[in-house]
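The values are calculated or read from the model by the stated rules, or taken from the named source; none is laboratory data. Keep in mind that this is a model prediction, so the values were computed, not measured. Cβ atoms come from the backbone with ideal geometry, glycine included; neighbour counts cover every protein chain shown. The accessibility values were calculated without ligands, DNA or RNA, using every heavy atom of the protein model including side chains. Shrake-Rupley method; radii C 1.70, N 1.55, O 1.52, S 1.80 Å.
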Amino acid sequence: GAGVSQSPRYKVAKRGQDVALRCDPISGHVSLFWYQQALGQGPEFLTYFQNEAQLDKSGLPSDRFFAERPEGSVSTLKIQRTQQEDSAVYLCASKLRWLSTDTQYFGPGTRLTVL
Amino acid sequence: KNEVEQSPQNLTAQEGEFITINCSYSVGISALHWLQQHPGGGIVSLFMLSSGKKKHGRLIATINIQEKHSSLHITASHPRDSAVYICAVLRDTGNQFYFGTGTSLTVIP
């Protein structure tokens, strides 16, 4: 496929479980972003990668959140010891380079529900 | 404090109506995006603006950098335009996007 893909599309976790969310960016895209979108809200920035380097993780809400992109392509967002307030749609986006003029392409998101 | 404010939050229109959604921001930006999000989550980028006006089909986006304001217009609205429209700004200090909370548009046949 030509677009950004994310898996799983839906995840239900019990409070305290660890979850891992995967993002496959468009092939060759240098920049990758993770966002968290709570119900009825706009997305909020979590973290940004340029290739394998995590250049900005200022939006990660706590140290339970961890993201990696070890080979500069696929990225994984891991949430440890999930809490109910982690329930949200997690969006991944990629863009070709790092320029502000590049378009960001969004994935369909992973809807996480923590019971 | 929200760096990006959108209005209205919710909008219901009759098919064929002209629609305007507004976005105001309070930070320095290098670009502003209008995004469309359908139920189920998928986000599509409609426009990226740094000045002036862009048109694509029935959609028109304008930006006034001095007033820190942008508008998205939909002419001859159609039920398939029903979606959430989100304004997002890219800070001029880096790669961070700030998003508005979205405008939920419903177009009734």
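Just to make sure I understand: if all protein chains stay in place, what is the order of B:Val89, A:Val12 by accessible area at 1.4 Å, largest first? Could the numbers behind the result be given before it?
Values: B:Val89 0, A:Val12 95 Å².
The residues order as A:Val12, B:Val89, largest area first.
Normalised Debye scattering of chain B at q = 0.12, 0.23 Å⁻¹ gives log10 I(q)/I(0) of -0.37, -1.30, counting only Cα atoms as equal scatterers and leaving out solvent. For segment B:37-80, the equivalent ellipsoid built from the Cα gyration tensor has semi-axes of 22, 14, 9 Å, listed from largest to smallest. The mean of 1/r over all pairs of different alpha-carbon atoms in the protein assembly as shown, once inverted, gives a Kirkwood hydrodynamic radius of 17.9 Å.
Taking other residues whose beta carbon is less than 13 angstrom from the beta carbon of A:Ile26, and scoring Lys, Arg as +1 and Asp, Glu as -1, yields 0.
Across the alpha-carbon set of chain A, the Rg to Rh ratio works out to 0.95, Rh being the Kirkwood radius.
Just add up the charged neighbours of B:Ile60: K/R +1, D/E -1, any other residue whose Cβ is under 12 Å from the Cβ of B:Ile60. That works out to +4. Looking at segment A:1-98, the GluC sites (Glu not before Pro) that sit in a DSSP loop and have at most 11 other Cβ atoms within 10 Å of their own Cβ are A:Glu71. A 1.4 Å probe run over the protein chains yields, for segment A:30-115, 45 Å² of accessible area per residue, whole-number rounding.
Add +1 for every Lys or Arg and -1 for every Asp or Glu among the other residues with Cβ under 12 Å from the Cβ of B:His73, and state the total. Mind dumping the intermediate values first?
Working: positive: B:Lys53, B:Lys54, B:Lys55, B:Arg58; negative: B:Glu17, B:Asp81.
Spelling it out: positives minus negatives among the neighbours equals +2.
The share of alpha-carbon pairs in segment A:53-115 lying farther apart than 17 Å comes to 50%.
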